[in-house]
1. For the stretch 91-99, state whether one or more residues are in contact (Cβ under 8 Å) with a residue 40 or more places away in the chain and closer than 30 Å to Lys161 by Cα.
2. Taking only pairs six or more apart or across chains, which ones have beta-carbon atoms under 7 Å, a first residue in the stretch 206-229 that is in contact (Cβ under 8 Å) with a residue 12 or more places away in the chain and at positive phi, and a second residue that is open to solvent by 60 Å² or more (accessible area, probe 1.4 Å) and among the aliphatic types (A, V, I, L, M)?
3. Could you count how many residues in the stretch 213-238 are at pLDDT 95 or above, open to solvent by 90 Å² or more (accessible area, probe 1.4 Å) and over 14 Å from Glu122 (Cα atoms)?
4. Looking at (1) open to solvent by less than 30 Å² (accessible area, probe 1.4 Å); (2) over 27 Å from Arg58 (Cβ atoms), which is the only condition Glu185 fails?
5. From the residues in the stretch 60-81 that are touching a helix residue (DSSP H, G or I) at 6+ places or on another chain (Cβ under 7 Å), hydrophobic (A, V, I, L, M, F, W, C) and at pLDDT below 95, which one is most open to solvent (accessible area, probe 1.4 Å)?
6. Does any residue in the stretch 128-143 that is farther than 13 Å from Glu180 by Cβ come within less than 6 Å, Cβ to Cβ, of a residue that is of a type in the set (Gly, Ala, Ser) six or more places away or on a different chain, and which pairs are these?
7. Go through the stretch 18-59 and give me each residue that's part of a helix (DSSP H, G or I) and either open to solvent by less than 20 Å² (accessible area, probe 1.4 Å) or touching a helix residue (DSSP H, G or I) at 6+ places or on another chain (Cβ under 8 Å) (or both).
8. Just checking, which of Glu122, Glu180 is farther than 27 Å from Pro213 by Cα and open to solvent by 10 Å² or more (accessible area, probe 1.4 Å)?
Amino acid sequence: MAELVYPPVIGAARTIFKSMDLKFDIVGADNIPRRGGAVLVSNHIGYLDFVFAGLAARPAKRLVRFMAKESVFRHKVSGPLMRAMKHIPVDRSQGVHAYRHALTALRSGEVIGVFPEATISESFTLKNFKSGAARLAQEAGVPLLPMALWGTQRLWTKGHKRDLGRHHFPITIRVGEPLEADPAEQAEKITDRLRARVQDLLEAAQRAYPVRPKGPDDTWWIPAHLGGSAPAAPGGAA
């Protein structure tokens, strides 16, 4: 079926980002396959992460179908758009339905986007990963694609007002090599390896980020373990 909504939405987003003069640094986009199913797995630090993760798939001409909380689909504006772009609603009390929906999409050759932390990390560090992405990849027989985003938290994140002005913010994206999900391996072990890959990519993105806080009042977007004033990660995890 023709994609009547998703491409125009991407075009509108790119126009908005151009007007904001965002500076994109994307490395590893060639790791996203041009055909066939895959599970794209990213860290989650801002409300617009699904947009930026989806942009990284543009060079491969792929449209990513993201799994998102069901409440987003009830919103009078975002709901119709999310459904038209064939994203997948997740009702945490009935997760089996979303899982089956994603599995069917993967088997039909779609790229499914997952944020395995299940919520925005207010510390901007990796939280524990849920094993659903690994189980989907195992059952569908598709690879996992690790990704890390950095800088998106400066635009709009939990506990902070939107800042969508023309601030020339850099957005750094790193996509890693595909990770195979062997059906014979425990999903939890695959998840551990996946999280380690995302952690490596996140650290690479942070090292490559071209700007630093402007002063003491601009350290909120930096994790505590890197000298910033973001809330410390539970348990002191980096």
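1. No, the stretch 91-99 contains no residue that is in contact (Cβ under 8 Å) with a residue 40 or more places away in the chain and closer than 30 Å to Lys161 by Cα.
2. Pairs that qualify, where the first residue is in contact (Cβ under 8 Å) with a residue 12 or more places away in the chain and at positive phi and the partner is open to solvent by 60 Å² or more (accessible area, probe 1.4 Å) and among the aliphatic types (A, V, I, L, M): there are none.
3. Residues that pass the stated criteria total 1.
4. Status for Glu185: all satisfied but (1).
5. Across the stretch 60-81, the extreme among qualifying residues is Leu81.
6. Lys130/Ala118; Ser131/Ala187; Arg135/Ala187; Leu136/Ala102
7. Matches in the stretch 18-59: Ala29, Asp30, Asp49, Val51, Phe52, Ala53, Gly54, Leu55, Arg58, Pro59.
8. Glu180
The values are calculated or read from the model by the stated rules, or taken from the named source; none is laboratory data. Everything quoted here is computed from the prediction, not taken from an experiment. Cβ sites come from the backbone with ideal geometry, for glycine too, and all protein chains shown count toward neighbours. Note: accessible area is taken over every heavy atom of the protein model, side chains too, but ligands, DNA and RNA are not part of it. Shrake-Rupley method; radii C 1.70, N 1.55, O 1.52, S 1.80 Å.
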